[in-house]
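This report concerns only the one structure given below.
No value in this document is a laboratory result; all are computed from the given coordinates. Computed from a predicted structure; not experimentally measured. All Cβ positions, glycine included, derive from the backbone under ideal geometry; neighbour counts span all protein chains shown.
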Amino acid sequence: MSRRLAGLSASFPAHDEEDNVGPMIEDLLTALPEFADRFEVIAVDDGSRDRTFERAAAIAARDPRVRVVRHEVNRGYGAAVWTGLKSGTMPFAFFTDGDRQFDVRQLGDLVARIDDADVVVGWRVDRQDNLVRKANAHAWNWLIRNLLDVPVRDVDCAFKLFRRDVLDGVEPESGGAMFSAELLARLAARGARIVEVPVRHLPREHGKSSGGNPRVIARAFKDLFKLYGKLRNS
């Protein structure tokens, strides 16, 4: 029999994802019973200007396993992810993205490793991005591994499973694209056991990613060197 979790909180951020948010929730509702005895789905609407919140709230109104948390204004990717993780009530916490570029059924590959780890993170095989974004990601991951001692090859892969207690007392400061790197760096510095497993990456079918925005990238580098200084002096 495959490994099952006693309780799992599954969350995802959504910003202007009206075409994805409903199918994303349904994907999780279909997949999670295979991996957890009890579960909850948490959608975090990060100040969307479209109908993301309304569509998610309509599902939550008829299914008590679903909750929607709303940021009245856009606070950034990392802030939305952290809101989702903090809002969970179950002993294990999983997050992914709301753009449906991951097969949530692969959560089973993460669950299978959780007995040996505090955090299980995915790394994207056959990443569905253009060459420029792939090159940027390679350089970014090299920096994170070497500056912050984070032992993973794909720090920003939005497919991560945590033991709830490993998150206790952690307060990431970055609300943007630096969030995942900061969270893993802080956990690694505390001695958390982190393992990595391969996951498939799927093409985006609806909406548009904001990860390549120059302002987002500039803020990430600013946050990186700020965190590097703090960890080096701690």
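Here is how the numbers come out for the structure above:
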item	result
Amide H contacts under 5 Å for residue 197, placed H, 5+ residues apart	121, 122, 123
Only Lys, Arg (+1) and Asp, Glu (-1) charged, at Cβ; region 5-233 dipole about Cα centre in debye	720 debye
Paramagnetic reach from residue 65 (point 7 Å along Cα→Cβ, amide N under 16 Å) across region 1-32	4-12, 22-32
Cut-off under 5 Å, modelled amide H: who pairs with residue 39 long-range	8
Amide H contacts of residue 202 (H built 1.01 Å from N, under 5 Å, at least 5 apart or other chain)	102
Taking the convex hull of Cα positions in region 5-233, its mean projected area over all directions (nm²)	11.4 nm²
Length-normalised contact order for region 5-233 - Cα pairs under 8 Å, 6+ apart - percent	23 percent
In order through region 187-195: 3J(HN,Hα) via Karplus (6.51 cos²θ - 1.76 cosθ + 1.60), integer Hz, x for Gly, Pro	5, 4, 5, 8, x, 5, 7, 10, 10
Where Cα atoms sit under 26 Å apart: lysine pairs in region 5-233 separated by 8 or more or lying on different chains	14
Top positive-direction residue, dipole computed over region 5-233 with Cβ charges, set 33, 147, 166	147
Per-residue ³J(HN,Hα) for region 66-81, Karplus 6.51 cos²θ - 1.76 cosθ + 1.60, θ = phi - 60°, Hz, x for Gly and Pro	10, 10, 10, 10, 10, 8, 5, 10, 5, 10, x, 4, x, 4, 5, 4
